[in-house]
1. Name the pairs whose Cβ atoms lie under 8 Å apart, with the first residue in region 148-170 and free of Cβ contacts under 8 Å to residues at least 24 places away in the same chain and on the phi < 0 side of the Ramachandran plot, the second buried (at least 16 other Cβ atoms within 10 Å of the Cβ) and part of a strand (DSSP E or B), and 6 or more positions between them or separate chains?
2. When region 202-215 is examined, which residues are found to be in contact with a helix residue (DSSP H, G or I) (Cβ under 8 Å, 6 or more places away or on another chain) and over 19 Å from residue 8 (Cβ atoms)?
3. Any idea how many residues of region 118-146 are touching a helix residue (DSSP H, G or I) at 6+ places or on another chain (Cβ under 9 Å) and modelled with pLDDT under 95?
4. Any idea which residue in region 157-172 is farthest from residue 95 (Cα to Cα), counting only those that are in a loop (DSSP other than H, G, I, E, B), over 15 Å from the mean Cα position of the chain (by Cα) and modelled with pLDDT of 95 or more?
5. For region 23-49, which residues satisfy the criterion of being touching a residue at least 60 places away in the same chain (Cβ under 8 Å) and assigned to a helix (DSSP H, G or I)?
6. One residue is enough: does region 190-201 have a residue meeting the conditions more than 14 Å from the chain's Cα centre (by Cα), under 30 Å from residue 10 (Cα atoms), surrounded by 17 or more Cβ atoms within 10 Å (Cβ to Cβ) and modelled with pLDDT of 95 or more?
7. Give region 107-128 a look and list any residue that's crowded, with 17+ Cβ neighbours inside 10 Å and under 19 Å from residue 146 (Cβ atoms), or say none.
């Protein structure tokens, strides 16, 4: 990583942390209750290291093979989130490599993850992915399926269901998708879960104002 790239990441991270704090102040929340997950799928090991040195501890990857070198590159205090769609045949590697799984989008996958976690003698934290907008190209349970999906996962011995996750539609004005974030928060509250992973580079401010506890930010960290 060049000095200019390191400076860019440092400046972007500072701005994002400030915006998280401001969004929390507007919604009467504690900034410590919002976790920044740095999505590093588009960058290399050097960027991961500089973020770690700047205090970031949560990292997100969407592909198993890309995570393998990066997870070994920083201190074991780093927490690695699988944020992408998972093929069942790769469940064993995902369970072994990642600390938590943020995109459990179907019951069949949950059963496979539960089995693989049992074989690894682990209990792995998971989030249920909800297709809150109903877009056909997106993965995840529908809002009407979420309660039964959460109940099913709660019965699995080696999965620790901690909350819900969604990817909102990409729009020019994040205000137009505020309703989707608010809807997922209501579902989370009804289920009595803790975590709410919603909001990415384009819309994390609105997501935090609507109750997000985890924001997944990639592009905004690295843009020049």
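The values are calculated or read from the model by the stated rules, or taken from the named source; none is laboratory data. All values reported here derive from a predicted model rather than from experimental measurement. Here Cβ is always computed from backbone atoms with ideal geometry, including for glycine, and neighbour counts include all displayed protein chains.
1. As it stands, the answer is 154/161, since those pairs meet every condition given.
2. From region 202-215, those in contact with a helix residue (DSSP H, G or I) (Cβ under 8 Å, 6 or more places away or on another chain) are 202-213, 215; that's our starting set.
Correct list: 203, 205, 206, 207, 208, 209, 210, 211, 212, 213, 215.
3. Count: 2.
4. Here is the first cut: in region 157-172, the ones in a loop (DSSP other than H, G, I, E, B) are 157-158, 166-172.
Those left that are additionally over 15 Å from the mean Cα position of the chain (by Cα): 157-158, 169-172.
Next cut, modelled with pLDDT of 95 or more only: 157-158.
Values: 157: 14, 158: 11 Å.
Checked region 157-172; the qualifying residue farthest from residue 95 (Cα to Cα) is 157.
5. Filtering region 23-49 for residues touching a residue at least 60 places away in the same chain (Cβ under 8 Å) gives 23-24, 26-27, 29, 33-43, 47.
Those that are touching a residue at least 60 places away in the same chain (Cβ under 8 Å) and assigned to a helix (DSSP H, G or I): 23, 24, 26, 33, 47.
6. no
7. 109, 110, 113, 114, 125, 126, 127, 128
To keep it simple, each residue is scored yes or no on (1) more than 17 Å from residue 218 (Cα to Cα); (2) within 18 Å of the chain's Cα centre (by Cα); (3) crowded, with 20+ Cβ neighbours inside 10 Å.
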residue	(1), (2), (3)
59	no, yes, yes
67	no, yes, yes
71	no, yes, no
75	yes, no, no
81	no, yes, yes
